[in-house]
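Here the structure is laid out as structure tokens; the discussion comes afterwards.
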Amino acid sequence: MTQILNKVNNCLNNLQSVGLFFARMLLAYGFYEPAINKFSDIQGISTWFASLGIPFPLLNAYAATYTEIFGVILLVLGLFTRYISFLLIMVLTVAIMTVHFANGFSVGNNGFEIPLYYISFLIILMGFGAGKISLDHIIKRKFYENTAS
């Protein structure tokens with residue numbers, strides 16, 4: 001019985017990396033379109049940020065845009081996942097506070113439901129890392145191989 005439970009646990013442990021991979025891909029896909037839209041009209045985003053009362057609107061428009069663009073790339077690669085997750089959480093927190101919170105929870109009213117789900121996924125990535133299907137894992141493995149020799 002113990003042997004069967006060990007095999008089941010090993011299978012479930014392997015699912016962890018698959019789940020983290022799919023979470024990264026889903027988040028990258030979710031950030032892609034907003035990042036491209038911001039990039040294609042950075043002046044418009046800056047004007048919109050100013051209307052929301054965000055300080056230094058042009059600087060923050062660039063910061064949000066490039067955080068999202070690099071976020072998409074790094075999440076897909078599974079590179080610096082914990083760090084980009086933190087930065088993306090900051091972007092989403094500002095979005096919730098300035099845009100979504102006043103609309104309530106429901107996504108149907110442009111509420112904070114979806115950004116909150118994204119933050120939840122990103123917190124998981126910060127805690128667990130990118131998983132075995134990532135450049136983070138490959139680099140970490142190579143580093144430990146080189147330091148062990």
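Values in this text are rule-based calculations from the coordinates and carry no lab data. On a predicted model such as this, the values are computed, not experimentally measured, just so you know. With ideal geometry, Cβ positions are generated from the backbone for all residues, glycine too; neighbour counts draw on all protein chains shown.
Some values worked out for this structure:
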item: Peptides ranked, highest mean first, by Cβ atoms within 10 Å: ranges 41-53, 24-36, 76-88; result: 76-88, 24-36, 41-53
item: Candidate lysines - alpha carbon under 21 Å from LYS140, same-chain residues fewer than 8 apart omitted; result: LYS132
item: Positive-end residue, the chain charge dipole about Cα centroid, Cβ charges, pick of ILE124, GLY71, VAL107; result: ILE124
item: In degrees, nearest ten, helix 113-128 long axis to first principal axis of the chain (Cα); result: 40 degrees
item: Quotient of C-alpha Rg and 2.2 N^0.38 Å, computed over the stretch 1-79; result: 1.70
item: Lysines whose Cα lies under 23 Å from that of LYS38, excluding same-chain neighbours fewer than 8 positions away; result: none
item: Net charge over other residues, Cβ less than 13 angstrom from the Cβ of PHE80 (K, R count +1; D, E count -1); result: +2
item: Computed lengthening from LEU77 to THR93, 0.36 nm per intervening residue step minus Cα-Cα distance; result: 3.4 nm
item: Cβ-Cβ FRET estimate between ASN6 and LYS140, R0 fixed at 22 Å, reported to 0.05; result: 0.30
item: Surrounding net charge for GLU33, when Lys and Arg each add one and Asp and Glu each subtract one, Cβ distance under 15 Å; result: -1
item: Helix-only mean residue ellipticity at 222 nm for the chain, each DSSP H run of n ≥ 4 adding -39500 (n - 2.57), per residue, nearest 500; result: -26500 deg cm²/dmol
item: Angle between the chain longest axis and helix 2-40 axis [Cα atoms, degrees, rounded to 10]; result: 20 degrees
item: With Cα atoms, 0 to 90° folded angle of helix 57-77 axis to the chain main axis; result: 20 degrees
item: With eigenvalues of the C-alpha gyration tensor scaled by 5 and rooted, the chain, Å; result: 35, 19, 11
